[in-house]
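> So that we are looking at the same thing, I have put the structure below in structure tokens.
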Amino acid sequence: MSERLADRDGAPNEALITLYEVWARSGAGLLVTGNVMVDRRAIGERGNVIVEDDRHARALAAWAQAAKSGGASVWAQINHPGRQAPRDANRGSVAPSAVPLAGAGRLAFSRPRALEAREIEEIVDRFGRTAAALVSAGFDGVQIHAAHGYLINQFLSPLTNRRDDAWGGDPDRRRRFLLEIVRRVRSGVGPRVAVGVKLNSADFQRGGFTEDESMAVVEALEAERIDLLEVSGGTYETATMFSEPSASTRAREAFFLEYAEKVRRRVKTPILLTGGFRSRAGMDAALGSSAIDVVGLARPLAVEPDLPARLLRGDAQRAADVRLPPIGDKRLDAAIQAGFYQTQIRRIASGLEPDRSLGRLASLYRFLAPLPVPRPGAADRGARVGAPPAPTVP
Ligand SMILES: Cc1cc2nc3c(=O)[nH]c(=O)nc-3n(C[C@H](O)[C@H](O)[C@H](O)COP(=O)(O)O)c2cc1C
């Protein structure tokens, strides 16, 4: 989950270290960071970590070390937002084609400029450089973010990629950007480091990236020998990754399980499924059906940072209930969710317990005006987590 805690230069800091020290003891076997930006001119949110070269090497090493301090592996997720680069954090935005977000999205996001072919090559290089810098700082792997409507997803979708050159025009050319990035990242980190991809099953938009195209991408990724495929879905326009599941999904918990089952029949790539898992029984059933290899948890880790350990020990049967009943407007509901969970992440990062009593209105307000991160030790109404003192980042 995007932490939004980095300093103004995009460097990891004490808050990120405290957060990952807590998650290091969560019981999770693999921690995947929130999205790290490959270009400071194009960021997903204020407070994202930005890695363009080795300038943050020591702070990155301290962050990786904190995440690994409990024995888990840590991968950094790397991303470029493309047209999902908010106005308040960027000067303009770029995309495969000059297609703006629909509807209310236009308020927060500017109309993107279409990338020139030489700029596309340059972004592919950036992914390789960012991955190499992260791995030399101590990360065990990287995950390329090709989902949720960000730049790589924009190249995959015929709605946002209207090019008719080497980077668009048919499914093969639309997926070329992702495949070139996978190759560049692999050559940047070497054969022994894990490279994963987070991919949408579909964008859930008429005329968008379909399940059939997604399957063809999955097969191409298998041919590139990626180490782990994470399955997700939706974009900022549809927000499927957070939405209330349908009745049939509720019965099986995970949002994209049926799609994962289809993927399993097509490729041998290990599959990580994130989205909706809340009970030990649901996770056991998904793993038992052999459709997936790894259960991913996001939001539950922000309210119960030790949940995986308790589930694995059998001390907990399910994640705590979080009552944020939807208002009915998908974008507003997504903003409330983001505000609620980002507030919890900020609390953990400052050594405090999460606060599940935060309501919808307060969450929305926090989304618009995130709290400053209190210094560890600062007075707060909540109880402190038993986190060790945060080390000083050089
Ligand atoms: C506050 C917040 C930040 C998120 N940031 C990211 C991100 O940086 N990268 C990403 O791939 N997904 C991100 N997600 C989506 C989650 O990784 C996950 O796909 C989604 O929350 C569904 O899983 P869950 O039901 O276990 O929460 C974020 C979710 C939340 C709530």
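The values are calculated or read from the model by the stated rules, or taken from the named source; none is laboratory data. Everything numeric here is computed off the predicted structure, so don't read it as measured data. Methodologically, a virtual Cβ is constructed for each residue, glycine included, from the backbone with ideal geometry; neighbour enumeration extends over all protein chains shown.
> Among the listed residues Glu45, Glu52, which satisfies the condition of being of a type in the set (D, E, K, R) and under 14 Å from Ser2 (Cβ atoms)?
Glu45
> Please tell me if Leu272 is more than 11 Å from the ligand (Cβ to nearest atom), at pLDDT 80 or above and closer than 25 Å to Phe127 by Cβ.
It is false that Leu272 is more than 11 Å from the ligand (Cβ to nearest atom), at pLDDT 80 or above and closer than 25 Å to Phe127 by Cβ.
> When you check Phe155 against the structure, is it in contact with a Lys or Arg (Cβ under 9 Å, 6 or more places away or on another chain) and closer than 24 Å to His56 by Cα, yes or no?
In short, no.
> Within the stretch 250-261, which residues are within 23 Å of the chain's Cα centre (by Cα) and away from the ligand (no atom under 11 Å from the Cβ)?
Within the stretch 250-261, Arg250, Arg252, Leu257, Glu258, Tyr259, Ala260, Glu261 qualify.
> Condition first: surrounded by fewer than 19 Cβ atoms within 10 Å (Cβ to Cβ) and within 14 Å of the ligand (Cβ to nearest atom). Now tell me which residues in the stretch 283-294 satisfy that.
Val294
> Residues that are in contact with a helix residue (DSSP H, G or I) (Cβ under 7 Å, 6 or more places away or on another chain), surrounded by fewer than 19 Cβ atoms within 10 Å (Cβ to Cβ) and modelled with pLDDT of 95 or more: which helices (runs of 4 or more DSSP H) entirely in the stretch 139-242 hold 2 or more of them?
Those helices (runs of 4 or more DSSP H) span 176-189, 211-223.
> Is it the case, given these coordinates, that Pro326 is under 24 Å from Thr33 (Cβ atoms) and either more than 11 Å from the ligand (Cβ to nearest atom) or not in a helix (DSSP H, G or I) (or both)?
So Pro326 does not fit the description; no.
> Can you tell me which residue in the stretch 143-170 is farthest from the ligand (Cβ to nearest atom), limited to those that are more than 16 Å from His80 (Cα to Cα) and of a type in the set (A, V, I, L, M, F, W, C)?
Ala166
> With a cut-off of at least 3 residues that are in contact (Cβ under 8 Å) with a residue 40 or more places away in the chain and under 29 Å from Leu228 (Cβ atoms), name the helices (runs of 4 or more DSSP H) lying wholly within the stretch 1-118. Give the derivation first.
Values: elements: 14-24, 57-68, 105-108.
Where helices (runs of 4 or more DSSP H) fall fully within the stretch 1-118 and carry at least 3 residues being in contact (Cβ under 8 Å) with a residue 40 or more places away in the chain and under 29 Å from Leu228 (Cβ atoms), they are 14-24, 57-68.
> Still on this model: If I ask for residues that are assigned to a helix (DSSP H, G or I) and within 13 Å of the ligand (Cβ to nearest atom), which ones from the stretch 295-310 would you list?
Within the stretch 295-310, Arg299, Pro300, Leu301, Ala302, Val303, Leu307, Pro308 meet the criteria.
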